[in-house]
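Report on one structure; see the data block that follows.
The values are calculated or read from the model by the stated rules, or taken from the named source; none is laboratory data. All values reported here derive from a predicted model rather than from experimental measurement. Glycine gets a Cβ as well: all are built from the backbone with ideal geometry, and neighbour counts include every protein chain shown. Only protein heavy atoms, including side chains, enter the accessible area calculation; ligands, DNA and RNA are left aside. Shrake-Rupley method; radii C 1.70, N 1.55, O 1.52, S 1.80 Å.
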Amino acid sequence: MNKYRGISILGLFIGLCFLLIRCETSDSTNHKFLTGEGIGINSITLMVKDIDSAISYYKDTLGFDIRTAPKDGIFSGTKTSNMYLGDFSSFEFLAIADSVNKDSITPFVKSFLNSHQGVRLFSVHTSSIDSTLISLSASGFAMDTIHQYQSNLRQREGWSRDNPKQKSLDFNTENPATHLPRFIERVGSGYKDVRREWKTYYVSRRMYNTHPNGVVGIKAIRVLVDNVKSSSNEFQEMGFDLIAQTDAIARFQLYKNHEIHLMAARNQEQRDFLANRGEGVFAIRFDVAHMDSTMQYFEKVVSLDALNKSSDLLTISADYAFGVQLEFTQESEEQNVFARTYTPAEELDSLALVHSASLYAKYCALCHGDNREGYTADNAPSLRSKSLLGTSMSSNFMRYTIQYGRANTPWLVI
């Protein structure tokens, strides 16, 4: 395998090869017309009284990478900031804007923040908001009209196109249900392409959205309800896929690793939550790449009173996370192996080395030679050349060649 290590820039080159190779994937999950080609959890909205202090704590203490400054929110009189995860989900902070006219604040936001902090809203992706509306209405649910808005109210500097648009669908826009999801369509996002080429999109986002605490995505939104059976029936009538159910919990699968859990209160803290706030999101469960590393991180930065540890789960109390319990669990072995195999880097993981070597042998060696010496086929240069790699890495030439192939060669993507 040594012949495939080469110089570090070659490792990046080979990494790009398997990152950009287009692959067809099948997906048997079908939510009728509820989410269509949607990709699971869209966002979770944590409502806080002071957005700056919440962002600072989540970033500097809890170890989340938050890069966006607060901006105008879609709800009147609010401001928001987001942190993004590699699985196409996001965690949103929302607060009442400074010096805003109190009469202009969206009523349900003002009412909630008068007494509480915590997750008040959550949403899931749908590839067709119109089909979702038709499906839910046909199932007997009373829905509001579809709303469309800019995902960024301020025009992005330097962009030549319009800001991305979103469409939302709620059961009650004026006072959204606390235990039911909102549905969001990001217009022009190409959901079908994302699902078909999941490897490329997921690995790229996971590389870019890294967090010091080791979080790689959201595993589950955990919702406390008064009656698991009746709430489960409601979700099934909507069209969500039930995985398993007991008297204590009903688990629903969205897309890939994302789940929604409907939970009965099983301890005093959860009973107090229902008594004071009613049904709603009690906890967020995150996937982490390495559980031991995540535990070591939090043991250094968070009070021991805030932590509850077991062999496979780490919990931070809602009192130390602005009103929502945070849970961390090891990502599945399948997902971990997938990420290690397909993530390019200067120093490739052992799984990635084997995978990239097999790709080279299959797609590249025919023209560039077994040892990258080049000219096994006419006009196929040596890939040992630092000047070639250095020059082409600064342009789109290499990326387009890897992704789409070369005309009149065996490696041509139609």
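Some observations on this one:
- Net charge dipole, segment 213-360: roughly 200 debye, given to the nearest 20, about the Cα centre with Cβ charges of +1 for Lys and Arg and -1 for Asp and Glu.
- With θ taken as phi - 60° and the Karplus curve 6.51 cos²θ - 1.76 cosθ + 1.60 applied, the whole-hertz 3J(HN,Hα) list for segment 192-197 is 4, 5, 4, 5, 5, 10 Hz, x standing for glycine and proline.
- Fraction of beta bridges assigned by DSSP in segment 40-133 that are antiparallel (%, nearest 5): 75 percent
- Each residue of segment 90-102 is assigned a 3J(HN,Hα), and the resulting list reads 9, 10, 9, 9, 9, 9, 6, 5, 5, 6, 8, 5, 4 Hz, derived from the Karplus form 6.51 cos²θ - 1.76 cosθ + 1.60 (θ = phi - 60°), x at Gly and Pro.
- Placing R0 at 51 angstrom, the Cβ-Cβ distance between residue 144 and residue 361 gives a FRET efficiency of 0.35 after rounding to 0.05.
- Sequence of 207, 238 when ordered by accessible area, the most exposed leading, probe 1.4 angstrom: 207, 238
- Listed cross-link partners 79/110; 167/199; 256/300; 199/219; 71/167 are compared with a 22 Å cut-off, the Cα-Cα value being larger for 167/199; 256/300.
- Cα gyration tensor category, rounded, prolate or oblate, for segment 240-325 with a/c compared to 1.5: oblate
- Gyration tensor (alpha-carbon) shape descriptor, segment 52-149, a/c threshold 1.5: oblate
- Probe 1.4 Å, all protein chains present, accessible-area order of 197, 279, largest first: 279, 197
- When you count the other C-beta atoms within 10 angstrom of each residue and take the mean per peptide, 97-103, 108-114, 300-306, 34-40 line up highest first as 34-40, 108-114, 300-306, 97-103.
- Between amide H atoms placed 1.01 Å from N, distances below 5 Å from residue 219 occur with 285, 286, 287, all of them 5 or more places distant or on a separate chain.
- A probe of 1.4 angstrom, applied to the heavy atoms of all protein chains, finds residue 179 with accessible area near 30 square angstrom.
- Whole-Hz couplings from phi, Karplus 6.51/-1.76/1.60, listed for segment 236-251; x for Gly and Pro: 5, 5, 5, x, 6, 8, 6, 8, 7, 8, 10, 5, 8, 7, 10, 10
- Each of 255, 208, 149 has its accessible area taken with a 1.4 Å probe; listed largest first, they run 208, 149, 255.
- Mean accessible surface per residue for segment 203-346, computed with a 1.4 Å probe while every protein chain stays in place, in Å²: 45 Å²
- Gyration tensor (alpha-carbon) shape descriptor, segment 169-300, a/c threshold 1.5: oblate
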